[in-house]
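All remarks here apply to the structure that follows.
The values are calculated or read from the model by the stated rules, or taken from the named source; none is laboratory data. Bear in mind that the values here come from a model prediction, so they are computed numbers and not experimental data. Using ideal geometry, Cβ is built from the backbone for each residue, glycine included, and neighbour counts are taken over all protein chains shown.
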Ligand code: ADP
Ligand code: MG
């Protein structure tokens, strides 16, 4: 197996230290040349007749000689968004690579700073105002993220519900490490569920945000990573970089390819070390996974994870992980969370409502539920392959 991205670690071990100036490492096995030269994409469509006949042989020659020089995949890890972000850039020079890494880090850190759920910052201020029944002014960027959250919540029938911050805090996930202590008590959970915090109760008018329901407490943990990855990719595009992966702790968006060879992505196994399946990205695709193994605590032999079903106020049951493949990362991230909560019985409906056609849910028994479009793309990397249920 020769993966560009192994989606194996998403937690940073506490002993991990990132070197101050990590050197670029060339992509090792990724640098192998194509056996057959590929036709550059821009030639496939537009150019015809004489140009094609004159230019094609020349370009193939150039491709071949470029191949001999092995355009490298630059890979670098940076610490951003509180996670390890893996950046892969195909065929860029050192200077471009350094600029790209800086731009990506800046974009992601801006999101991290503005939207941290509990470290005092923009979001804690916004939540404080909402809890007091006051309005708060948002800049254009903040409005975009909130508006995206409102739309995604609506599409998921509020299974994806970034207004449930108070519940997430109640479960103890608004801290860096949740101790293995008792879950919250029944009455507190019920009270917060009944307070019905919903994104649809937010009003955003003339740049001011308010809510008549003071129980609304925004937590963008279910889609901020996707949003940050989208911003990072947009920054790369502005720099003219069209072949790259931005991988934030296993959730990623890949654009372009390695000179015509697709990026290969590994999807983590929710119940054992290593990869469950792989897939090759096509063009511009995001691959996002939500899992019950990402953040959790254990109490009296039971695991309580961080994806909260807003209907019960408790960790969602039934799924071990959900992987979504979709064009933009913001939607993929939110959909992974929503489809996880929908669970093995209703996942397809939620995915459809959110405009997702490539979804995969691994249930608690290990059965893999997939859409046909997803089944066409994934290749299992475990032997024997898991039991699968494929639906249109
Ligand atoms: P991961 O990628 O870490 O597996 P997700 O993308 O599913 O996780 O996001 C989980 C985070 O989303 C939680 O830590 C919390 O901040 C937030 N969250 C939990 N439940 C919900 C929900 N029902 N709707 C929206 N966000 C949620
Ligand atoms: Mg998510």
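Could you check the stretch 155-252 for helices (runs of 4 or more DSSP H) lying wholly inside it with 2 or more residues that are at pLDDT 95 or above and within 16 Å of ligand 2 (Cβ to nearest atom)?
Values: elements: 165-170, 186-194, 224-238.
Counting at least 2 such residues, we get 165-170, 224-238.
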Worksheet item: Considering only the stretch 231-270, how many residues are under 19 Å from residue 338 (Cβ atoms) and surrounded by fewer than 24 Cβ atoms within 10 Å (Cβ to Cβ)?
Response: 1
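Only residues that are in a loop (DSSP other than H, G, I, E, B) and exposed (fewer than 14 other Cβ atoms within 10 Å of the Cβ): list them for the stretch 293-305, please.
Within the stretch 293-305, 300, 301 meet the criteria.
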Discussion item. Return the residues of the stretch 306-341 that are in a strand (DSSP E or B), surrounded by fewer than 23 Cβ atoms within 10 Å (Cβ to Cβ) and within 10 Å of ligand 1 (Cβ to nearest atom); say none if nothing qualifies.
Written reply: 309, 315
Discussion item. If I ask for residues that are within 17 Å of residue 156 (Cβ to Cβ) and touching a strand residue (DSSP E or B) at 6+ places or on another chain (Cβ under 9 Å), which ones from the stretch 353-392 would you list?
Written reply: 354, 355, 356, 357, 358, 359, 361, 371
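For the structure I just gave you, tell me whether residue 132 is away from ligand 1 (no atom under 16 Å from the Cβ) and within 28 Å of the chain's Cα centre (by Cα).
Working: away from ligand 1 (no atom under 16 Å from the Cβ): yes; within 28 Å of the chain's Cα centre (by Cα): no.
Answer is no for this residue.
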Worksheet item: If the Cβ limit is 7 Å and pairs must be 6+ apart or interchain, which residue in the stretch 214-228 that is touching a residue at least 24 places away in the same chain (Cβ under 8 Å) and farther than 15 Å from residue 83 by Cβ pairs with which residue that is in a loop (DSSP other than H, G, I, E, B) and near ligand 1 (Cβ under 7 Å from one of its atoms)?
Response: 218/162; 219/117; 219/162
Practice prompt. Considering every residue within the stretch 118-125, establish whether at least one is at pLDDT 95 or above and either more than 16 Å from ligand 1 (Cβ to nearest atom) or surrounded by fewer than 19 Cβ atoms within 10 Å (Cβ to Cβ) (or both).
Written response: yes
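Would you check if there is a residue in the stretch 80-99 being closer than 24 Å to residue 201 by Cα, part of a helix (DSSP H, G or I) and in contact (Cβ under 8 Å) with a residue 12 or more places away in the chain?
As a first pass, look at the stretch 80-99 and keep what is closer than 24 Å to residue 201 by Cα: none.
No, because not a single residue in the stretch 80-99 is closer than 24 Å to residue 201 by Cα, part of a helix (DSSP H, G or I) and in contact (Cβ under 8 Å) with a residue 12 or more places away in the chain.
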Discussion item. Return the residues of the stretch 150-165 that are closer than 13 Å to residue 217 by Cα and within 6 Å of ligand 1 (Cβ to nearest atom); say none if nothing qualifies.
Written reply: 161, 162, 164
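Of the residues 92, 85, 101, 111, which single one is at pLDDT below 95 and buried (at least 18 other Cβ atoms within 10 Å of the Cβ)? Quick ask: steps written out before the conclusion?
Working: 92 fails: at pLDDT below 95; 85 fails: at pLDDT below 95; 101 fails: at pLDDT below 95.
On inspection, the qualifying residue turns out to be 111.
Can you name every residue in the stretch 140-149 that is under 18 Å from the mean Cα position of the chain (by Cα) and more than 11 Å from residue 220 (Cα to Cα)? Outline the logic, then answer.
In the first step, residues of the stretch 140-149 are kept if they are under 18 Å from the mean Cα position of the chain (by Cα); the result is 144-146, 148-149.
Result: 144, single match.
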Discussion item. I want to confirm something. Restricting to the stretch 253-286 and keeping residues that are part of a strand (DSSP E or B) and under 18 Å from residue 236 (Cα atoms), which single residue is nearest to ligand 2 (Cβ to nearest atom)?
Written reply: 286
Worksheet item: What number of residues in the stretch 343-360 are surrounded by 24 or more Cβ atoms within 10 Å (Cβ to Cβ) and farther than 23 Å from residue 145 by Cβ?
Response: 3
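Please state which one of 278, 290 is crowded, with 19+ Cβ neighbours inside 10 Å, in contact with a helix residue (DSSP H, G or I) (Cβ under 6 Å, 6 or more places away or on another chain) and closer than 28 Å to residue 385 by Cα.
On the way: 278 fails: in contact with a helix residue (DSSP H, G or I) (Cβ under 6 Å, 6 or more places away or on another chain).
On inspection, the qualifying residue turns out to be 290.
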